[in-house]
Amino acid sequence: MSHGSNYQDAMAICRWAGYPYAFVTFTCNPQWFEIKRALLLGQQPQDRPNLVTRVFKIKLKEFINDIHKNHILGRIIAGIYVVEFQKRGLPHAHILIFFTENCKPHTIEDVDRMINAEFPNSETNKLAHETVARCTMHGPCGDAFPNAPCMEEGKCKK
C-alpha cells in the first residue's frame, strides 16, 4: 500500500468518525528489559536495530490491543497510527484515537481520568517512580557537570 493511499484511508476515517479526541505518542525505550537481556556482551541497543524494532513492534501491538480491545482509555470507534524513527534510530508511534460518543472527554475531570502527569509516589510504586525519573528527567548538568551532552559553552542547551 502506498503512502498516498494510507493518507486517503486516514482522511476517510476522519470524515466518518469526526475529529480524533486523543493523540498518544508511544516511544521505544532502549532500556526495556526485553532489549537489554537479548544483547550480547559489549553490545548496545543501537548495535541491534533489528532487535529494537522487533521489541517495539511487539509492545506497540500490545498497547494498540489495550486501547482497542481492553478499552484502557474508553470505548473507541477508530484509531490511526503511524510509526516514525528518531534521529538516533529509535521507533515511535503517533496514535489518533476516536472515542464513542459516551466516552469522549468533555470536562477537565474527564481528561484528568485519562491522563496522569504526576510523578509516581516512590513509597507506593517504586518501579514506576524509578522509571519515570530515569526516562523523563533531564540532567544532571550545569556547573557541576560541564561535560554533560547538553552543555554548550558552559550552559545547558535544553
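General remarks:
- Expected 222 nm ellipticity per residue - DSSP helices of 4 or more, -39500 (n - 2.57), all of the chain, to 500: -11500 deg cm²/dmol
- If R0 equals 22 Å, the separation of the Cβ atoms of Asn125 and Asn147 corresponds to a calculated FRET efficiency of about 0.10.
- With Cα atoms defining each centre, the range 38-69 and the range 86-158 are spaced 19 Å apart in the structure.
- 0 to 90° range, to nearest 10: angle between helix 126-136 axis and the chain longest Cα axis: 80
- Between the exposed loop cleavage positions of the chain, defined as GluC sites (Glu not before Pro) in a non-H, G, I, E, B DSSP state with at most 11 neighbouring beta-carbon atoms within 10 angstrom, the longest gap is 1-117.
- Angle in degrees between helix 49-68 and the longest Cα principal axis of the chain, rounded to the nearest 10: 40
- Compared with the direct C-alpha span, the chain from Thr27 to Thr136 gains 38.1 nm at full extension, assuming 0.36 nm per residue.
- Residue list for the range 43-78, given a label point 7 angstrom along the Cα-to-Cβ vector of Phe85 and an amide N cut-off under 19 Å: 44-61
- Candidate aspartates and glutamates - alpha carbon under 19 Å from Lys104, same-chain residues fewer than 8 apart omitted: Asp66, Asp112
- Theoretical FRET efficiency, 1/(1+(r/R0)^6), r = Cβ-Cβ of Tyr19 and Leu41, R0 35 Å, to 0.05: 0.10
- Projecting the Cα positions of Pro45, Ile77, Cys103 onto the charge dipole of the range 20-122 (unit charges on Cβ atoms of Lys, Arg, Asp and Glu, taken about the Cα centre) puts Pro45 furthest along the positive direction.
- Reachable aspartates and glutamates from Lys59, criterion Cα separation under 13 angstrom, eight or more residues apart if same chain: Glu34
- Whichever lysines have a C-alpha closer than 24 Å to that of Lys157, once near sequence neighbours (fewer than 8 apart) are set aside: Lys87
- In the set (i) 11, 37, 27, 16, 8, 1; (ii) 9, 25, 34, 23, 9, 1; (iii) 9, 29, 20, 19, 17, 5, the label that goes with P(r) over Cα pairs in 10 Å bins from 0, in percent computed for this structure is (ii).
Coordinate-derived values only; no laboratory data. Just so it is clear, the model here is predicted, and its values are computed rather than measured. All Cβ positions, even for glycine, are placed from backbone atoms using ideal geometry, and neighbour counts span all protein chains on display.
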